[in-house]
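The values are calculated or read from the model by the stated rules, or taken from the named source; none is laboratory data. Note that the structure is predicted; figures quoted are calculated from it, not measured. Positions of Cβ are backbone-derived with ideal geometry, glycine not excepted, and every protein chain shown enters the neighbour counts.
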Amino acid sequence: MFGPQICFDDGAAYEQMMGVWSQLAGKVFLEWLAPSWGLRWIDIGCGSGAFTELLVKHCNPAEVQGIDPSEGQLAFARARLAAPLTKFRQGDAMALPFPAHRFDAAVMALVLVFVSDPSKSIEEMARVVAPGGTVATYVWDMLSGGNPLDPILDEIRAMGHTPPRPPQMDASRKDELRDLWVGVGLEAVETRTITVQRTFADFDDFWMAKVRAPTIAPTVAAMGSGEIATLKRRLRVRLPADAAGRITYGARAHAIKGRVRPWPE
């Protein structure tokens, strides 16, 4: 499901790195979707369960199925959400383990750029959703500075390193998302941009949250102590703290939703 160089296996690390960001953007995303209560949901690439938790708390679902390739992530999600209506299982976004028309809504949170074949994964989302149901995602704007990891990734690149990149960066563009949704036959397609901000208690809080990311950790691990000190200095200049030592900065995601074609009347 994911590219060979980027593997999200540590649920606790992912939660610290990206779970908070996912929920910040996910709340805006769900307000935009404005779903009915009592729906059957599938959360594809559910990871640590950050977005799944939002579905349970805010959407009064009849059922939520979380799918992810990582058993480490799924173990964290199961511990986080033990509600009977929520189930987690290992699976592939391009071969979902469910029959056609099984759900009312299929969502992906910050996943699409990591899927090796985005079009196939969207076809699968549409396949498992009942006619008239919703297929939707939100994904960081990877190509125009919207990724919350960009501050540290940019500085690493400026120092001459080449950290791994998600395999399908183009899938973060709004026009590419629209083409993908229309291309699999979804109707009433709409897009929007979501902007959010996150505050870290201090620089160490920011550093520990980001340095464990699979797109960052291998490169930092290969650095010497001098290079790491230089990277930290560059980041302190780029992200100055306020009087209380806190660091606040923003990220930007693109969201899209569409409807599976209803049955002919």
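Out of all the residues in the stretch 208-216, is one or more hydrophobic (A, V, I, L, M, F, W, C), within 23 Å of the chain's Cα centre (by Cα) and within 25 Å of Glu124 (Cβ to Cβ)? Checking the stretch 208-216: not a single residue is hydrophobic (A, V, I, L, M, F, W, C), within 23 Å of the chain's Cα centre (by Cα) and within 25 Å of Glu124 (Cβ to Cβ). Every condition in (1) outside any strand (DSSP E or B); (2) aromatic (Phe, Trp, Tyr); (3) under 16 Å from Asp150 (Cβ atoms) holds for Trp263 except the one numbered (3). Whether a residue is surrounded by fewer than 17 Cβ atoms within 10 Å (Cβ to Cβ), free of Cβ contacts under 8 Å to residues at least 60 places away in the same chain and under 16 Å from Val139 (Cα atoms) was assessed, and Lys57 does not pass this test. Which residues, counting only those in the stretch 203-235, are more than 27 Å from Gln73 (Cβ to Cβ) and touching a strand residue (DSSP E or B) at 6+ places or on another chain (Cβ under 7 Å)? Matches in the stretch 203-235: Phe203 only.
Out of the residues in the stretch 235-260 that are part of a loop (DSSP other than H, G, I, E, B) and of a type in the set (A, V, I, L, M, F, W, C), state the one that is nearest to Ala105 (Cα to Cα).
Checked the stretch 235-260; the qualifying residue nearest to Ala105 (Cα to Cα) is Val260.
Just checking, which of Arg192, Arg178, Arg198 is within 19 Å of the chain's Cα centre (by Cα) and farther than 30 Å from Val128 by Cβ? Before the answer, list the steps.
Details: Arg192 fails: farther than 30 Å from Val128 by Cβ; Arg178 fails: farther than 30 Å from Val128 by Cβ.
Residue meeting the stated conditions: Arg198.
The residue that is farthest from Trp181 (Cα to Cα), counting only those in the stretch 251-263 that are of a type outside the set (A, V, I, L, M) and surrounded by 12 or more Cβ atoms within 10 Å (Cβ to Cβ), is Arg252.
Here Pro35 meets each of (1) buried (at least 17 other Cβ atoms within 10 Å of the Cβ); (2) part of a loop (DSSP other than H, G, I, E, B); (3) touching a helix residue (DSSP H, G or I) at 6+ places or on another chain (Cβ under 6 Å) with one exception, condition (3).
Specify which of the listed residues (Ala100, Ala82, Ala75) is within 29 Å of Gly185 (Cα to Cα) and either surrounded by fewer than 22 Cβ atoms within 10 Å (Cβ to Cβ) or touching a residue at least 40 places away in the same chain (Cβ under 8 Å) (or both). First the steps, then the outcome.
Values: Ala82 fails: within 29 Å of Gly185 (Cα to Cα); Ala75 fails: within 29 Å of Gly185 (Cα to Cα).
None of the other options fit; the residue is Ala100.
In the stretch 163-192, the residues that are touching a residue at least 40 places away in the same chain (Cβ under 8 Å) and over 27 Å from Pro214 (Cβ atoms) form Cβ pairs under 7 Å with partners that are among the basic types (Lys, Arg) and outside any helix (DSSP H, G or I), at six or more places apart or across chains, as follows: Gly185/Arg261; Leu186/Arg259; Glu187/Arg259; Glu187/Arg261; Ala188/Arg259; Glu190/Lys257.
Within the stretch 83-93, is there a residue that is small (Gly, Ala, Ser), assigned to a strand (DSSP E or B) and touching a Gly at 6+ places or on another chain (Cβ under 9 Å)? Checked the stretch 83-93: no residue is small (Gly, Ala, Ser), assigned to a strand (DSSP E or B) and touching a Gly at 6+ places or on another chain (Cβ under 9 Å).
If you check Leu55 against the conditions, is it touching a helix residue (DSSP H, G or I) at 6+ places or on another chain (Cβ under 7 Å), at pLDDT 95 or above and not in a loop (DSSP other than H, G, I, E, B)? Lay out the reasoning, then the answer.
On the way: touching a helix residue (DSSP H, G or I) at 6+ places or on another chain (Cβ under 7 Å): no; at pLDDT 95 or above: yes; not in a loop (DSSP other than H, G, I, E, B): yes.
So Leu55 fails the test.
Rundown of residues vs (1) closer than 24 Å to Thr248 by Cα; (2) in contact with an Asp or Glu (Cβ under 9 Å, 6 or more places away or on another chain); (3) among the charged types (D, E, K, R), yes/no style:
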residue	(1), (2), (3)
Phe88	no, yes, no
Leu96	no, yes, no
Met108	no, yes, no
Val139	yes, no, no
Asp154	yes, no, yes
Thr162	no, no, no
Arg165	no, no, yes
Asp175	no, no, yes
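I need the full set of residues from the stretch 38-52 which are touching a residue at least 60 places away in the same chain (Cβ under 8 Å) and either within 14 Å of Ala136 (Cβ to Cβ) or not in a loop (DSSP other than H, G, I, E, B) (or both), in order please. Listed by number, the residues that qualify are Leu39, Arg40, Trp41, Ile42, Asp43, Ile44, Gly45.
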